[in-house]
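The values are calculated or read from the model by the stated rules, or taken from the named source; none is laboratory data. Worth saying up front: this structure is predicted, and the values here are computed from it rather than measured. All Cβ positions, even for glycine, are placed from backbone atoms using ideal geometry, and neighbour counts span all protein chains on display.
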Amino acid sequence: MKLTDFKVGDRLWRVDFDKKTGAVSYTPFPISKVGRKYVYVRIGCWDTQFQMHIKEGCFLEVKDWGSPEVLYFSEQDARDYVERRNCEDFLARLDSWGLRKYSLETLRKAVRILKTGEKENG
């Protein structure tokens, strides 16, 4: 995808996490302007500048302080981000004690899959 593929009125999607309930919501924001380097999205009362990041599949807010907003190209991209984050969190929580509840065959399959993916991604 290129910046020129986007036009005024297209929607970008933000993922919102409710830390209390664990609920996830997806909020669309229409593009208000497309420039040479940035797209502008109206969030609140003003247009906010975003720069495209192809590798991550998202737009990052251009700012010098604080955490930037992240907007995804489509609702599906936003949902994929949440699913990937959940998978990464699950795998990060596994330790040697947590792995003991899985059978040796299950662990072999998991290692085989992960090693295959490692080879494919270089």
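Points to keep in mind about this one:
- Whichever residue in region 6-25 is under 14 Å from the mean Cα position of the chain (by Cα) and surrounded by 14 or more Cβ atoms within 10 Å (Cβ to Cβ) and, among such residues, is farthest from ASP80 (Cα to Cα): LEU12
- Test for ILE31: is it surrounded by 15 or more Cβ atoms within 10 Å (Cβ to Cβ) and over 13 Å from the mean Cα position of the chain (by Cα): yes
- Among the residues of region 88-122, those that are out of contact with any helix residue (DSSP H, G or I) (no Cβ under 8 Å at 6 or more places or on another chain) and of a type in the set (A, V, I, L, M, F, W, C) comprise PHE90, LEU91, ALA92, LEU94, TRP97, LEU104, ALA110, VAL111, ILE113, LEU114.
- Conditions (1) in a strand (DSSP E or B); (2) under 15 Å from the mean Cα position of the chain (by Cα): number failed by ARG42: (2)
- Within region 48-77, residues that are assigned to a strand (DSSP E or B) reach partners that are surrounded by fewer than 12 Cβ atoms within 10 Å (Cβ to Cβ) with beta carbons closer than 6 Å, at six or more positions or on different chains, in the pairs LEU60/HIS53.
- Answer residue from region 1-56, given it is among the aliphatic types (A, V, I, L, M) and within 15 Å of PRO68 (Cβ to Cβ) and is modelled with the lowest pLDDT among those: ILE43
- Scanning region 95-122 for residues that are outside any helix (DSSP H, G or I) and either over 26 Å from GLY57 (Cβ atoms) or touching a residue at least 24 places away in the same chain (Cβ under 8 Å) (or both) turns up ASP95, ARG100, LYS101, TYR102, SER103.
- Every condition in (1) loosely packed, with under 11 Cβ neighbours inside 10 Å; (2) under 18 Å from the mean Cα position of the chain (by Cα); (3) not in a strand (DSSP E or B) holds for ARG36 except the one numbered (2).
- Every condition in (1) of a type outside the set (Lys, Arg); (2) over 30 Å from ILE113 (Cβ atoms); (3) touching a Phe, Trp or Tyr at 6+ places or on another chain (Cβ under 7 Å); (4) touching a residue at least 24 places away in the same chain (Cβ under 8 Å) is met by VAL8 except one, and the failing one is (3).
- Residues satisfying the stated conditions in region 92-122, i.e. of a type in the set (A, V, I, L, M) and surrounded by fewer than 10 Cβ atoms within 10 Å (Cβ to Cβ): ALA92, LEU104
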